[in-house]
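Reviewing the structure listed below.
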Ligand code: NAD
C-alpha cells in the first residue's frame, strides 16, 4: 500500500482506462476522487466497489469541458480529503471524420475535453502540490500523441498538445517535488474504441470481432489489445519513489505501434 495517505483525482474514471487507473491507485491505498458521466446508480456502484478496497472515495460530476466545474472538482478533493497529490487527466472523447467534413463544434468539443480540460485541472491543482512539495501529474495521451492517423484531426492535435503541455509542466515544476508525465496507450478495448469498432464494422459489413482484428493489424504489431488494468499498473509507477526523477516523459504502452 505504497500510496496510503495520498489523494488521487482521476478524471473520466466511471469507465474504461480511468476506472482501471482508479482501481490500481486505490489498490495502493490512495484515496480517490472519481469523475465522469454515467447513470447515477451505476456511478454509485463503481464508487462503492472502489471504496470496498479500503480507501475513501468521493465522486465529482464535473463536466471536463467546463473550467468552473473543474475548479469545483479540485476544491472537492481539498475539502473532503485535505489535499490533492495525484492528478490523472484521463477524460477523453473521439470523433472521426476527414478534416473537410469535420464539424467545427466537434473540433471544439474534443479540444475542450482532451486538451483544455487537462490544462485547467493542472492550473487549479498545481498550487496545492507546490505548497506540499509533492505531486504527480499523469496525462493520459495516446499513441496519437506521438504519431497521426487519418480522420482524427482533433484527437491527434489534442493528444500531441497534451504531450507538449506535459513537458512544459515538467520544466516549470522540476524543482518543486512535482513530476508530470504522459502515458501513451495504443488500442485498449473500452467503450471509446468499441464505438469506433461498431461504426466501422457496420460501414464495411463485417463483424465487430473481425473489425477488432483489423484494427490491430493496421496499427499494433503485437496483435492484442492492452487492458485498463495494464494502463493502471503503469500509472502507479510514476507515483512511486523509484520514479522520482522521471518527468516530462511520454511512456508508450502500445504493443509496438509507434516503434514502426
Ligand atoms: P471511455 O469512453 O471508456 O471513458 C471515457 C471517460 O471519460 C468516461 O468515464 C466518461 O464519462 C468520461 N468523460 C467523457 N467526457 C467527459 C466530460 N466532458 N467530463 C467528464 N468526464 C467525461 O474511454 P477510454 O478508452 O477509457 O479513454 C480514456 C482516455 O484514454 C481518453 O483520454 C482516451 O483518449 C485515452 N486513450 C484511449 C485509448 C483506447 O484505445 N481506448 C487509447 C489511447 C488513449
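Rounded to a whole number, what is D in µm²/s for segment 35-101 from Stokes-Einstein with the Kirkwood radius over alpha-carbon pairs (10 °C, 1.306 mPa s)?
Stokes-Einstein gives a translational diffusion coefficient of 113 µm²/s.
With contacts defined as alpha carbon pairs under 8 Å and 6 or more residues apart, what's the relative contact order of the chain in percent?
Relative CO of the chain lands at 20 percent.
At 0.36 nm per residue, and after removing the present C-alpha to C-alpha distance, how many nm does the segment from residue 94 to residue 230 gain when stretched out fully?
Taking 0.36 nm per residue and subtracting the Cα distance, the gain is 46.8 nm.
What length, rounded to one decimal in nm, is gained on full extension from residue 243 through to residue 217, with 0.36 nm per residue of separation minus their alpha-carbon distance?
6.0 nm
Return the tail of the calculated pair distribution for segment 1-120, meaning the percent of Cα-Cα pairs more than 26 Å apart.
In whole percent, the share of Cα-Cα pairs in segment 1-120 beyond 26 Å is 21.
Can you tell me what percent of all Cα-Cα pairs in segment 87-233 are more than 24 Å apart?
38 percent
Once you have the alpha carbon radius of gyration of segment 79-118, what is it after dividing by 2.2 N^0.38 Å, with N set to its residue count?
Dividing the Cα Rg of segment 79-118 by 2.2 N^0.38 Å gives 1.67.
What is the projected area of the convex hull of the Cα atoms of the chain, averaged over all directions, in nm²?
Over every viewing direction, the Cα hull of the chain projects on average to 13.6 nm².
Using 7 Å Cα-to-Cβ label points, what is the residue 189/residue 206 separation (nm, one decimal)?
About 1.6 nm, to one decimal.
What is the antiparallel percent of DSSP beta bridges lying wholly in segment 1-121, to the nearest 5?
Percent antiparallel among DSSP bridges in segment 1-121 is about 0.
Every number in this text was worked out from the coordinates using simple rules, so none of it is lab data. Please read all numbers here as calculations on a predicted model, not as lab measurements. Don't worry about glycine lacking a Cβ; one is built from the backbone with ideal geometry, like all the others, and counts go over all protein chains shown.
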